[in-house]
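Data block below; observations after.
The values are calculated or read from the model by the stated rules, or taken from the named source; none is laboratory data. Predicted model only: the values in this text are computed from it and were never measured. In this analysis, Cβ positions are derived from the backbone assuming ideal geometry, glycine residues included, and neighbour counts consider all displayed protein chains. These accessible areas exclude ligands, DNA and RNA; they are computed on the full protein's heavy atoms, side chains included. Shrake-Rupley method; radii C 1.70, N 1.55, O 1.52, S 1.80 Å.
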Amino acid sequence: QVQLVESGGGLVQPGGSLRLSCATSTSIFSIYPMAWYRQVPGKQRELVAGINSIGYTSYADSVKGRFTISGDNAKNTVYLQMNSLKPEDTAVYYCNGRLGQQPYWGQGTQVTVSS
């Protein structure tokens, strides 16, 4: 059983920054590719950023140039650095990993961007 635990969410003003962390119970090498998703009430969960085992990253158009995904293999943790935050970034952010065909999700962390 793989466990993913997100942290780092909170309330931030527009233009501010947050760094989300996703701590895993296993080596992140075994559950690559990993990704961050977000969801607002009434909408589908959307992919924000992904990273694979060789460090290749990809981003949703809405966050390119503002968000950065990275992985620390020694700490079994994946991060999402979020800069220049906008009110439309408000959502619950989820970490995702995959072991074979089985996806795993964290419990989510709330990010609220508001003045």
Discussion item. Just to be sure I understand: of the beta bridges DSSP finds with both ends in the chain, what percent are antiparallel, rounded to 5?
Written reply: 90 percent
Worksheet item: How would V40, V5 rank on accessible area, largest to smallest, probe 1.4 Å?
Response: V5, V40
Worksheet item: In percent, how large is the relative contact order of the chain, given Cα pairs closer than 8 Å and 6 or more residues apart?
Response: 37 percent
Worksheet item: Ignoring ligands, DNA and RNA, how do E46, E88, E6 rank by accessible area with a 1.4 Å probe, largest first?
Response: E88, E46, E6
Discussion item. Using amide H atoms built in the peptide plane, which far-off residues or other-chain residues are under 5 Å from T26 H to H?
Written reply: Q3
Worksheet, complete the sentence: Which residues qualify? For T90, with a placed amide H closer than 5 Å and at least 5 residues away or on another chain, they are V113
Item to complete: Compute the distance in nm between two label points, each set 7 Å from the Cα along the Cα-to-Cβ direction, one at I54 and one at Q107.
Response: 3.7 nm
Worksheet item: What is the extension gain from E88 to S114, computed as 0.36 nm multiplied by their sequence separation minus the C-alpha to C-alpha distance, in nm to one decimal?
Response: 8.4 nm
Response to the item:
In a Gaussian network model of the chain with springs linking alpha carbons closer than 10 Å, the residue among G55, G15, G100 that fluctuates most is G100
